[in-house]
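Any read-out appearing in this document is the output of simple, stated calculations on the displayed coordinates, not a laboratory observation. Remember, it's a predicted structure, so these values are computed and weren't measured experimentally. Please note: Cβ atoms are built from the backbone with ideal geometry, for glycine as well, and neighbour counts cover all protein chains shown.
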Amino acid sequence: MGSVLIIDDQEDLRFSLAKIVEKQGYRVSTAANGADALDMLRSAIVDLVFLDIGLPDISGINLIGTIKEISDDIDIVMLTGINEAKTAVQALRAGAVDYIVKPFDIIEFKAILKRILQARLMRKKATLLHQEVGIATIIGNSPPMARVKDAIRMAAQVDAAVLITGETGTGKELVARAIHDNRPGQNGVFVKVDCGTLSSNLMESELFGYDKGAFTDARSDKKGLVEVADGGTLFLDEIGNLPIDLQPKLLRLIEESTFRRVGGLKDIQVKIRIIAATNTDIEEQIDRGRFREDLYYRLNVLPVPLPPLRDRGEDVLLLADFFLQDLQKELKKDLQGFTAEARTKILGYGWQGNIRELRNLIEREVIFNQSGWLTMAGLSCESISTGGKKEPLLSLREIEQLHIKKVLNAVNNNKSKAAKILGISRTTLRDNL
Ligand SMILES: Nc1ncnc2c1ncn2[C@@H]1O[C@H](COP(=O)(O)OP(=O)(O)OP(=O)(O)O)[C@@H](O)[C@H]1O
Ligand SMILES: [Mg+2]
């Protein structure tokens, strides 16, 4: 679907062009002068504008610049008179994509309409393809991850609000994108909002936009992220941090699909899918009076809990191998892989920082590795025994072995050097490996 605005002072022309656009299955609105047109462009998302060169209040050419200021992403086609060829060239220079000379026939108009809107769709698809998160790109076959993938497939089919919960680094954003990308016929954008970083006032104008004069700095109207996300997904990250005084406004947006800009007098209607994520316990926030219970229920229609990495069994090894391949390519290194001990360590570690921690650690090892084998020396015995998983403590012998390997790794496998540092003979060192 595309949205078209026709700006022309000739009423009959406006009317018949609007009819044609509508018949083609696109949304359409019309304006008879520049001022009305600008109002409309500031309060709704428009893809394509047909703009008459000779408007009563402002020259079409001058209007091009103002439209581009509102959004750089609007395509403009000029409607020019037969004697205005010169102005048409000027219009193209000012940023219009094309022009039609009046009087034109319907076929010509339809062709240009279709061409431009289809090209936009292709562009949008191309960028989506670029970042698309297929379910297959989410690594993990463990039963809890199989359940997560089922939940993603299910959520992608419907419009209901989704609440993704999970510790830091468990893949909440990845899952949100996957739900968005797997929506059949998805043409909308994915807009991420971090709910925890701004003050309540700034957050409100960031989210809902503002009208000119709403506060001292509001020199012109501004669309908020909610409007930008119209037709797509609004991802509210760290929703637990959303200031309490903004919560009723979000509740209204979810319940009625409408909101008002800061300082705005009219309700604006949008169609957006809401996905929220949190790593804090919202129910506890409710008990403390920091989060509205009604909002929580509205957000939590489809809950998607992400298991911590330590509960995903051997998925951690799949992820480790994947990150190793990926990082080798990125850092142009050619390594052998993880040692058997490294694999055991990876499996046993608590991974409080989950997948993000795993990736960071492997990255560090890849950068500093010299021997070709990754030992995961960064996972010290201490961190293993204090990890989230209740592992039996290591025996002294195991600790010794780990330490010897760490030292060997640090000196590039030079046994004499390692023995010297450890204060043992080469024979003892060999016996302990
Ligand atoms: N199952 C997975 N397969 C492949 N990569 C993953 C997986 N889960 C997470 N990742 C990667 O791990 C990193 C962290 O994931 P993401 O940012 O989605 O986590 P998060 O839960 O949003 O973290 P935080 O709470 O810190 O914001 C990203 O680079 C993501 O692509
Ligand atoms: Mg995140």
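Bridgeable lysines around Lys266 (alpha carbons under 28 Å apart, same-chain partners fewer than 8 residues away excluded): Lys19, Lys68, Lys192, Lys212, Lys222, Lys223, Lys249. 3J(HN,Hα) along segment 245-259: 6, 8, 4, x, 5, 5, 4, 5, 4, 6, 6, 10, 6, 9, 7 Hz, from the Karplus curve 6.51 cos²θ - 1.76 cosθ + 1.60 with θ = phi - 60°, whole Hz, x for Gly and Pro. Taking 0.36 nm per residue of sequence separation and removing the Cα-Cα distance, the Asp267/Lys333 pair yields an extension gain of 18.2 nm. For Phe338, the residues whose modelled amide H falls within less than 5 Å of its own, excluding neighbours fewer than 5 places apart on the same chain, are Leu374. Taking other residues whose beta carbon is less than 13 angstrom from the beta carbon of Thr375, and scoring Lys, Arg as +1 and Asp, Glu as -1, yields +3. The loop-placed trypsin sites (Lys or Arg not before Pro) in segment 213-289, going by DSSP, that have at most 14 neighbouring Cβ atoms within 10 Å of their Cβ come out as Arg219, Lys266, Lys271, Arg288.
Along the axis of the charge dipole computed for the chain (Cβ charges of +1 for Lys and Arg, -1 for Asp and Glu, origin at the Cα centre), the listed residues Asn187, Ile64, Gln247 are led at the positive end by Asn187.
Taking the helices alone, the chain has a mean residue ellipticity at 222 nm of -14500 deg cm²/dmol, built from -39,500 (n - 2.57) per DSSP H run of at least 4 residues and averaged over all its residues.
Each Cα pair under 8 Å and six or more residues apart adds its sequence gap; the mean of these over the residue count of the chain is a relative contact order of 12 percent.
Under the convention that each Lys and Arg Cβ holds +1 and each Asp and Glu Cβ holds -1, the size of the dipole of the chain around its Cα centre is about 1700 debye. What net charge is computed for the residues neighbouring Asp294, neighbours being all others with C-beta under 12 Å from the C-beta of Asp294, Lys and Arg scored +1, Asp and Glu -1? Neighbour charge sum, excluding Asp294 itself: +1.
Note on Lys149 and Thr137: the extension gain reaches 3.2 nm, defined as 0.36 nm multiplied by sequence separation minus the Cα-Cα distance.
Over the chain, with a Gaussian network built from C-alpha contacts below 10 Å, which listed residue (Ser29, Ser257, Ser199) shows the highest mean-square fluctuation? Maximum among the listed residues: Ser199. Close amide H partners of Ala31, meaning residues 5 or more places away or on another chain with modelled amide H under 5 Å apart, are Ile6, Ile7, Asp8. Just add up the charged neighbours of Asp221: K/R +1, D/E -1, any other residue whose Cβ is under 10 Å from the Cβ of Asp221. Net charge in that neighbourhood comes out at +4.
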